[in-house]
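The values are calculated or read from the model by the stated rules, or taken from the named source; none is laboratory data. The structure presented is a predicted model; accordingly, all values stated were derived computationally and were not measured. Every residue, glycine as well, gets a Cβ built from its backbone with ideal geometry; the counts of neighbours run over all protein chains shown.
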Amino acid sequence: MQTTKTTKPSLLKGVLAAAFLTFSTGVCGFASAVSAETLVVVPHSGLRILDPIITTAHIVRNHGYMIYDTLLAFDADFKVQPQMASYTVSDDGLTYTFTLRDGLKWHDGTPVTAEDCIASVQRWGKRDTSGQVLFDKLESLTANGEKEFTFKLKETFAYLPETLAKPSSVVPFMMPKRIAATPADTAITEFIGSGPFKFVTEEYQPGVKSVYEKFADYVPRSEAPSWLAGGKVVKVDRVEWTAMPDPQTAMNAIQSGEIDYLEAPPIDLLPLVEGNDELTVRKLSPLGGQTMGRMNFLYPPFDNKKIRQAALKAMNQKDVLDAFIGNPAYYTICGSLFGCGTPFESTAGSETLTGSGDVEGAKALLKEAGYDGTPVVILQPTDVTTTKAQPVVAANALRAAGFNVELQPMDWQTVVTRRASQKPVAEGGWNMFFTNWIVPEIMTPLNNPMLNGRGKNGFFGWPTDPKLEELRAKYLAAKTPDEQKAAAGELQAHALDEVSYIPLGQYNVPSVWRNVVTGLLDAPVPVFWNIEKTEE
Amino acid sequence: MLAYTFRRILAAVPVLVTVAVFVFLLLRLTPGDPAAIIAGDMATPDQLERIRASLGLDKPIIVQFFSWFWLLVQGDLGTSLISNTPVAKMIGQHIEPTISLALLTIVLSVAIAVPLGVIAAWRHGTWVDYTVMTISVVGFSVPVFVVGYILIQIFAIDLKWFPVQGFRSITRGIGPFLERAVLPAVTLASIYIALIARMTRAAVLEVLGEDYVRTARAKGLREKTVLFRHALRNAAVPVLTIIGTGFALLITGVVVTESIFNIPGIGRLTVDAILARDYPVIQGMILLTSGIYVLVNLLIDLSYSFFDPRIRY
């Protein structure tokens, strides 16, 4: 008995001591910074889809830039530069011949061939709207050996290089032919590219963690990096994307040194880090995004042009941006449909939007149109911070002008389902919704999805507008930059008159990173080449 | 006992089938379209339709149900519509953080709450009782996210004793596991300590008035023996019920804590799946949680007979 009495406390003490030692070892271990070879990143969202062609989700596009490469790419001067390939164009403008540069390999070690690129472009062309325009004009796409392939056009299409260099969704990423042979509406199941990073499939946890390792065989271009062009030189061994659903947690984690880089901190939490001398807060995207409202042209009241014009007059960008972003340092009032700071920037026709609105003008237009009080059903997502405020501000503005507004709160998933419905409002349809784009996605008449008049086959809202299509065709046929700019201006004037959509301003959210991280590049999408990290 | 256990397991089958049918139908009636999430902002109606077809969502609901159910009876929970990953694999990736966090929370809660409850009952009506009950009311009333953020601010940001977020598997060592699990476990335990302490106090108080306790005291037994051997054991049945239910609730309801501490558990998986209308994942998760509830209830029932020999099956 005595032995038992003395042994039990000794055993207990021993276990507690062992646990304490093990635990304290662990606790001491956590304080050290993450390895200098590993860059720990919190992206703007979790990565759940791995096929950058099947979806337009920006997180999937960013994943695409990690592991895939593009034939051509835009630089900071909006110029198209060679990336995987260079090209020549025939005098008649009908034949583009691409030549792959030396040293290109897939992550499985096999060489990149012309056939791979053709299969990739074909799959992309079935999903992307500007890709479909390209294929409408294409007579043939053929390989001339292992490293050369030719686009032969039925008619001139000066935007072929821009289309293949498009920087945002859907980006024409190159994949091996066996993967690119997957039907365009079915997700790929093998993730092999020729980009500067390799995807570590074994460590992938959908929506939680994605890991990339430096691709040792990647041969960067010799030019300095500029936007998405130039040399993609990788200077860390590993990049880990860790999704954090709670933004406050992400802010805490970057302050404590557990993560290196926070792509999109919420604006209202930025004061927590702006004075921290261990952190850098800076805008990396020179253009940022555009927020906008879109009306349903199929049903009353917005099937009436005057009523659409009244809605435009009732709103002003400042009110929306104040509610959405708040801090004027992070937004720009911009009436251009193509975004400000872009080659086609034009503010003609948007004076009331960029001013303080024209409520009286809106009321007069409503009266003239004989508005009968038909309710305007606005879809209001409540679970996505970046699209929560706009419907509320718009509803107030419309009510002030005399509209009968019904704001319907719902989650974002319900919004994306409802907005695809072409049924009348009473049967589950809608009248207005709001969304955001990054400016490169809307900066030309070719890639701006709202600027088409193809009715029920176009973007949600479905305007049938032959004049818009005519002006778009005029832009596509333009050959010189001056002609293109003139055509784009004409198109903007028409689109604002028809109220194809309502641009509600430009915003630019900064990123935050620890000062041990250097070499982050300005680009319209986050890129991870050129980044260096030193031990803290 | 064995026959009873077998009967209970058998009885769980119709429960799970009913849950499966109900959840399947309910999800299909809820607005939402996984194809729209996959296709993104620029999808045309034609593209959406083609994606729906490639996911099998264009087939009649009854056909979709039987396809899924046939896979289920073969032990296959299906594949995520969004990530194209097997649901079983996704659950496997998320279950460990949740289970280990729940176990740590329950162990911590029981270790603190049961003695507190017993002491409060023993010192009924004194300042000890009032203090324990006040702490319980506070613990139960303050939302976990408030407790979580306060703990993070003090112990992770100011004192730097613990990391702010994340999870390490216990297979990587007890130290790394505990350093990330302690704060979330304490956060969650704040509620369960309050709940279990109150339940223990009430149950022990009731038992302390029984004749056999008076007899034990009359025999001259020490108060400690009376309390822990006679009173607590007889008060165990309701306490066990609350611990068991608490564990099941922890498995299924820790989404806020998982979010605050960035723990990739099944709460987060479920919320993500619901927001994306990822039907197979939601169905798999609800079946799993139903199974956990059935199992936990069975274990609680079986454990009753251990603490109270009058209960026989």
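A few points about this structure:
- In the set A:LEU407, A:LEU379, only one residue is under 17 Å from A:PHE297 (Cα atoms) and at pLDDT 95 or above; that residue is A:LEU379.
- Options A:ALA310, A:ALA323: the member that is outside any loop (DSSP other than H, G, I, E, B), touching a helix residue (DSSP H, G or I) at 6+ places or on another chain (Cβ under 9 Å) and surrounded by 23 or more Cβ atoms within 10 Å (Cβ to Cβ): A:ALA310
- Helices (runs of 4 or more DSSP H) enclosed by the range B:40-128 - at least 2 residues per element that are crowded, with 19+ Cβ neighbours inside 10 Å and within 14 Å of chain A (Cβ to nearest Cβ): B:45-55, B:87-122
- Once the range B:146-179 is narrowed to residues that are in contact with a Lys or Arg (Cβ under 7 Å, 6 or more places away or on another chain) and outside any loop (DSSP other than H, G, I, E, B), the residue that is nearest to the other protein chains (Cβ to nearest Cβ) is B:PRO176.
- Test: residue in the range B:292-300 that is outside any helix (DSSP H, G or I) and either within 14 Å of another protein chain (Cβ to nearest Cβ) or among the aliphatic types (A, V, I, L, M) (or both): no
- One residue stands out in the range B:249-289 among those that are polar (S, T, N, Q) and at the interface with chain A (Cβ under 10 Å from one of its Cβ atoms): the one that is surrounded by the most Cβ atoms within 10 Å (Cβ to Cβ), namely B:ASN262.
- Any hit, the range B:216-238, residues being within 26 Å of B:HIS124 (Cα to Cα), under 19 Å from the mean Cα position of the chain (by Cα) and of a type in the set (A, V, I, L, M, F, W, C): no
- Output for the range A:164-187, where each listed residue is touching a residue at least 24 places away in the same chain (Cβ under 8 Å), under 24 Å from B:ILE82 (Cβ atoms) and assigned to a helix (DSSP H, G or I): A:ALA180
- Test: residue in the range A:230-250 that is within 13 Å of another protein chain (Cβ to nearest Cβ), part of a loop (DSSP other than H, G, I, E, B) and more than 25 Å from the chain's Cα centre (by Cα): no
- A single member of A:THR95, A:THR70, A:THR7, A:THR55 is under 35 Å from the mean Cα position of the chain (by Cα) and modelled with pLDDT under 90, and it is A:THR55.
- Candidate set: the range A:457-473, residues that are without any contact (Cβ under 8 Å) to a residue 40 or more places away in the chain and facing chain B (nearest Cβ under 9 Å); chosen: the one farthest from A:ASN436 (Cα to Cα): A:ASN457
- With respect to the conditions (1) surrounded by fewer than 13 Cβ atoms within 10 Å (Cβ to Cβ); (2) under 30 Å from B:GLY92 (Cα atoms); (3) free of Cβ contacts under 8 Å to residues at least 40 places away in the same chain; (4) not basic (Lys, Arg), B:SER169 falls short on a single one, namely (3).
- Filtering the range A:256-271 to residues that are in a loop (DSSP other than H, G, I, E, B), more than 14 Å from chain B (Cβ to nearest Cβ) and not charged (D, E, K, R) leaves A:ALA264, A:PRO265, A:PRO266, A:LEU270.
- Number of residues in the range A:456-480 that are modelled with pLDDT under 90 and not hydrophobic (A, V, I, L, M, F, W, C): the value is 5.
- Residue match in the range B:173-183 (condition: touching a helix residue (DSSP H, G or I) at 6+ places or on another chain (Cβ under 8 Å), farther than 15 Å from A:THR249 by Cα and loosely packed, with under 14 Cβ neighbours inside 10 Å): no
- Within the range B:228-239, tally of residues that are crowded, with 21+ Cβ neighbours inside 10 Å and in a helix (DSSP H, G or I): 4
- Checking A:LEU407 against (1) buried (at least 18 other Cβ atoms within 10 Å of the Cβ); (2) hydrophobic (A, V, I, L, M, F, W, C); (3) part of a strand (DSSP E or B), the condition it does not meet: (1)
- Restricted to the range B:29-39, and to residues there that are more than 7 Å from chain A (Cβ to nearest Cβ) and part of a helix (DSSP H, G or I), the residue that is farthest from A:THR435 (Cα to Cα) is B:LEU29.
- Any hit, the range A:278-296, residues being farther than 26 Å from A:GLY46 by Cα, part of a helix (DSSP H, G or I), modelled with pLDDT of 95 or more and among the aliphatic types (A, V, I, L, M): no
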